[in-house]
Every structure is written in C-alpha cells, then in structure tokens.
Amino acid sequence: MSKEQKTTKTQAAEQEPAPETRPAEEAAQAAEQAAPVEEKEPKKDKKKTAQLEERIRTLETEAAQKDERYLRVLAEYDNFRKRSQKERSSVYQDAQIAVFEVILPVLDNLERAAAAETADEGVRMILRQFQDILKKCGVEECGKEGEPFDPNFHNAVLHAEGEGSGETVIAQVLQKGYTMSGKLIRPAMVKTTD
C-alpha cells in the first residue's frame, strides 16, 4: 500500500462514526461530572449570596453612620455660623459702646455749657447736632425723674426719705445714663426717694 492509500484510510477511519458504546460511555462520564458540579454550584451560590448579603448589610450600616455623622457636622457648622455671627454683631456693638463711653463726657460738658446763662446759640446748635447723631446711632437716655429705680440702669448715690409710697423712684438725675439697643453704656447717677 502506498502512503496515499494509508492516509486516506486513516482519514476515513477518523470520519467514520464511533461505535455506539463509545458515545454512551462518554455521555455517562459527562453526566457523572455534571452531577457533582450541579450539586456544588447551589452550595457555592448560597455561600456567595450569603457573603454578598453580609456585605450589603455592612455597607448599609456604614452609609447610615456616615449620614448620621454628616448631619451632626452640618448641625455643628450651622451652630458655629450662628454663634460667629452673634459674636461679630456683639463685638461690633461693644466697640460702638466703647466709643460712646469716651464721647459721653464731652456731651455732658456741652449740656452744661448750653445750660449756662451766657451760652450762645452756637453751643446749643452743636449740642442738638450731637444729640441727633446719638439718636441716629440708637443711643437713648435712661433715668428720668419720676421713673421707678432700676439698679440695672441706675446708680443711686443719694437717698431721701419720701412720703413712703413703698416704691423707690428717681427724685433727681445727677448725671444722665445712656443705653444702646438695650445695652447699658453708662448708668444714670440718681438721687432716689420712696
């Protein structure tokens, strides 16, 4: 036989269908191999599902903690912002009060000069202008005669016995007191009576 004939027979043998026993054996082996895989896969799937569910629970817990932390930081920032703004306005008002404390003795002297019999109209005009500026800035007098005595706004330096009405009132203002937006700049020095 020539080489060509041998090759053709080999090729023909390869192309011929295998005996029936062979595919049956292969099918049985494939079934055996597939059966354990099918049994293992549900176990693997259950295990993997449990791991994924645990991971989801962990991530949800972390997200909830981060949300809570975020809300706390947001609330703290809001409180800080409000406190800072309040402090800024307080510092501004305190600075204004400090300036007025220094200026008030000048106002006292202008009032004394305007009250003098020899005062000219220029001094009175300056006094009115000064008082108008103070009003525009929110500075108000406190402690007028006949008002009830308030130790928060008045400084009693003298006391006179009165008719005994029971309530302590201001009998005379020795030096005017001033407030700004409800904050005391200088207490009024007063003589009280009851």
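Taking the criterion of being surrounded by 11 or more Cβ atoms within 10 Å (Cβ to Cβ) and not in a helix (DSSP H, G or I), the only residue of the range 92-119 that qualifies is ALA119. Applying the condition of being in contact with an Asp or Glu (Cβ under 9 Å, 6 or more places away or on another chain), among the polar types (S, T, N, Q) and over 29 Å from TYR92 (Cα atoms) to the range 169-194 and asking which residue is surrounded by the fewest Cβ atoms within 10 Å (Cβ to Cβ) yields GLN172. LYS183 - would you say it is basic (Lys, Arg) and touching a helix residue (DSSP H, G or I) at 6+ places or on another chain (Cβ under 8 Å)? So LYS183 fits the description; yes. Listed by first and then second residue, the pairs linking a residue in the range 151-165 that is within 12 Å of ALA188 (Cα to Cα) and at pLDDT 70 or above to a residue that is surrounded by 10 or more Cβ atoms within 10 Å (Cβ to Cβ) and among the aromatic types (Phe, Trp, Tyr), with Cβ atoms under 9 Å apart and 6 or more places separating them unless they lie on different chains, are ALA156/PHE149. With the checklist (1) under 26 Å from THR192 (Cα atoms); (2) assigned to a helix (DSSP H, G or I); (3) small (Gly, Ala, Ser) in hand, flag the one item GLY122 doesn't pass. Single failed check for GLY122: (1). Regarding the range 136-157, can at least one residue be identified that is over 30 Å from THR192 (Cα atoms) and surrounded by 11 or more Cβ atoms within 10 Å (Cβ to Cβ)? Within the range 136-157 (the criterion being over 30 Å from THR192 (Cα atoms) and surrounded by 11 or more Cβ atoms within 10 Å (Cβ to Cβ)), the answer is no, since none of the residues qualifies. For beta carbons closer than 7 Å, sequence separation of 6+ or different chains, a first residue in the range 136-150 that is among the charged types (D, E, K, R) and a second that is part of a loop (DSSP other than H, G, I, E, B), the qualifying pairs are GLU141/LYS176. For the range 125-174, a residue qualifies if it is part of a helix (DSSP H, G or I) and aromatic (Phe, Trp, Tyr), and exactly one does: PHE130. Residue pairs whose Cβ atoms lie under 7 Å apart, sitting 6 or more positions apart in sequence or on different chains, and linking a residue in the range 87-110 that is at negative phi and among the acidic types (Asp, Glu) to a partner that is at pLDDT 90 or above and outside any helix (DSSP H, G or I), are GLU101/ILE185; GLU101/ARG186; ASP108/GLN175.
The values are calculated or read from the model by the stated rules, or taken from the named source; none is laboratory data. Note that the structure is predicted; figures quoted are calculated from it, not measured. Note that each Cβ is placed from the backbone with ideal geometry, even for glycine, and that neighbours are counted across all protein chains shown.
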